[in-house]
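Please read the structure below before turning to the comments.
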Amino acid sequence: MNNEPNIDQGMQNEASSDQKKNGPGFLASIFDYVEVLAVSVLAVLLVFTFCFRICRVDGDSMNKTLIHEERLITTNLFYTPKQGDIIVFHLSNDYYTQPLVKRVIAMGGQEVKINFTEGKVYVDGKLLEEDYAYVKGGKYSIRSDFQKEFIHKESDGSVWFIATVPEGKVFAMGDNRNGSTDSRAYLVSFVDEDCILGKAIMRLSPFTVFN
């Protein structure tokens, strides 16, 4: 009988030891999971802050490539604009308060020639193959907000937009050529490369990866 209290005490000591062993270990595991989750969330936030951003298409200027309210993922990581890229940029004027989405047509130093009559675009004398361009009516409309100093009427009756892009800027147009305010217009004109927020690399829905 004298041994019974010793046995009970031993069991209590063992239980106490298990609680000390398992209790803090369980809490430590929880803290580890929380720490990993917090680091992961922070990493995602940093990536989307400095490398990628999600933008929403506002308007119809990029029809039929992009539709109103579609969401894009853009990046400016090691990015240098080039012809054909879909870019997101902001303007330093009071008229446009939200970023714009357009396509790069020409780079600084290149000559852009747009034949309004035929609905064709030439860069440095080479006709662009623009499967993405949508031209309602088959020819380009001449709008009152276009930069008139670049519009020329030839002896054969054709009307052209002819301009050389300044260095450090790009010439950008919406794919919906008759429904886009872009580099042809005074309000946008040539886009400074420093104003480019990034290149659209994919669309979320429907999921599409851009070249």
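Numbers below:
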{"quantity": "Taking the C-alpha atoms of region 54-209, convex hull volume expressed per residue in Å³", "calculated": "115 Å³"}
{"quantity": "Selection of trypsin sites (Lys or Arg not before Pro), region 100-196, meeting DSSP coil and at most 12 other Cβ within 10 Å", "calculated": "Arg143"}
{"quantity": "Length gained when the stretch Arg71-Glu154 is fully extended (0.36 nm per residue, less Cα-Cα span)", "calculated": "25.7 nm"}
{"quantity": "D (Stokes-Einstein, µm²/s), Kirkwood Cα radius, region 141-181, 1.002 mPa s at 20 °C", "calculated": "179 µm²/s"}
{"quantity": "Region 137-148 - phi-based ³J(HN,Hα) in whole Hz, Karplus 6.51/-1.76/1.60, Gly and Pro as x", "calculated": "x, x, 9, 6, 7, 9, 8, 5, 8, 6, 6, 5"}
{"quantity": "Approximate spin-label separation Arg53-Ile30, in nm, with each point projected 7 Å along Cα-to-Cβ", "calculated": "3.9 nm"}
{"quantity": "Stretchable slack from Asp145 to Gln110, in nm (0.36 nm times residue separation minus alpha-carbon distance)", "calculated": "10.3 nm"}
{"quantity": "Packing-based exposure ordering (other Cβ within 10 Å, fewest first) of Ser92, Ser141, Ser180, Ser155", "calculated": "Ser155, Ser92, Ser141, Ser180"}
{"quantity": "Quarter of the Cα convex hull surface for region 79-143, i.e. its orientation-mean projected area (nm²)", "calculated": "5.9 nm²"}
{"quantity": "Separation in nanometres of the label points that stand 7 Å from Cα toward Cβ, at Ser92 and Tyr132", "calculated": "2.7 nm"}
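Bear in mind that the values in this text are calculations on the coordinates, not laboratory data. Keep in mind that what you see is a predicted model, and the values were worked out from it rather than measured. Methodologically, a virtual Cβ is constructed for each residue, glycine included, from the backbone with ideal geometry; neighbour enumeration extends over all protein chains shown.
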